[in-house]
Amino acid sequence: MGKSNFAESSDKSEEQVSGAEVIAQALKTQDVAYMFGIVGIPVTEIAVAAQKLGIRYVGMRNEQAVDICAEELGNNVKPAVTLLGDTNAVTKQLLEQFNKTPWQYPPESSWWQTLREKMKSNEAASKELASQKSLPMNYYTVFYHVQEQLPRDCFVVSEGANTMDIGRTVIQNYLPRHRLDAGTFGTMGVGLGFAIAAAIVAKDRNPGQRVICVEGDSAFGFSGMEVETICRYNLPIVLLVVNNNGIYQGFDADSWKEMLKFGDATAVAPPVCLLPNSHYEQVMTAFGGKGYFVQTPEELQKSLKQSLADTTKPSLLNIMIEPQATRKAQDFHWLTRSNM
């Protein structure tokens, strides 16, 4: 190939733009300031392109029983009613009909009675677990003390296995669009991204509003280096890493040492185990934030209070819990059965 042809080819390649960049430019020309979406392909590429043009991106997960693809309806749990169509259009149609004929489920119905009884039963079981004084703490004890101090208007982000599942039932949010998590599919690695996006909006629109990001220790490992991003932009995030030394369950330090007597970790360590007592709080201090190593309810209360009071920098609380701690007994296996 001649030099002129090679130069011409190079110029053409430099002029090429991706589909994500085309979409981002179209959004920009329509004066879109914020973009809300679900993290993943291809939204991630579009979001990056949009941010380059000054559009701010907020990753969200809004569960709906509405889908534009008929084959996806009932893909996870068989619904009683399915709606096929664009979410915005279907919602608008539902609201229009509801305004014409307002209706609510009769409060005296047997369904409501069963639901209230189940709510009371779950609340009692959770309170009993939260009241346990043994150390290390369990999930419910941790979340009980966290819930006591959470600002009413804060964003709650949660990610993990037991951490997210239990957190959803104990840590309350009071405002719409103020809870961000992986939903029923348990996608890992989205927690810190959600927290960063929410914090950017909070910092811009409501200075002083906090983002509380509750992570399991395994979940934190998927995107833990985003702590550098949090510190780089000095975002109003308080990270809580609920650390049980593993995925679902782990070993304490003594059990880990005993296990290693039987061979190399690659041969004898269960795949769900992580290194005991890892000091994740030092990831935060390495980048200039505040880190706390928490082992007791008193330390948790004190460190969380200090973190919420200090609006000058982000914080990370590394909260040690019982490695074999789990959630209360479940009546069913959510999304574990086969759809085949």
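Numbers for the structure displayed
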{"quantity": "GLU148-TYR233 FRET efficiency (beta carbon distance; Förster radius 25 Å; 0.05 resolution)", "calculated": "0.30"}
{"quantity": "Per residue value of the accessible surface for region 115-178 (all protein chains in place, 1.4 Å probe), Å²", "calculated": "54 Å²"}
{"quantity": "Rounded FRET efficiency, nearest 0.05, which uses the C-beta distance separating SER109 from THR187 and R0 of 51 Å", "calculated": "0.90"}
{"quantity": "Inter-site label distance for ALA286 and ALA309 at 7 Å from Cα along Cβ, in nm", "calculated": "2.9 nm"}
{"quantity": "GLU128-ASP86 pseudo-label distance in nm [points 7 Å out on the Cα-to-Cβ vector]", "calculated": "5.1 nm"}
{"quantity": "Heavy-atom accessible surface of region 209-277: percent carbon and sulfur, 1.4 Å", "calculated": "59 percent"}
{"quantity": "Protection proxy ranking of 242-253, 162-173, 23-34 - average other beta-carbon atoms within 10 Å, highest first", "calculated": "242-253, 162-173, 23-34"}
{"quantity": "Accessible surface of region 88-157 [probe 1.4 Å, protein heavy atoms]: carbon and sulfur percent", "calculated": "57 percent"}
{"quantity": "Calculated over region 74-172: convex hull of Cα atoms, volume per residue (Å³)", "calculated": "189 Å³"}
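The values are calculated or read from the model by the stated rules, or taken from the named source; none is laboratory data. On a predicted model such as this, the values are computed, not experimentally measured, just so you know. All Cβ positions, glycine included, derive from the backbone under ideal geometry; neighbour counts span all protein chains shown. Quick note on the areas: whole protein, heavy atoms, side chains included, nothing else; ligands and nucleic acids left out. Shrake-Rupley method; radii C 1.70, N 1.55, O 1.52, S 1.80 Å.
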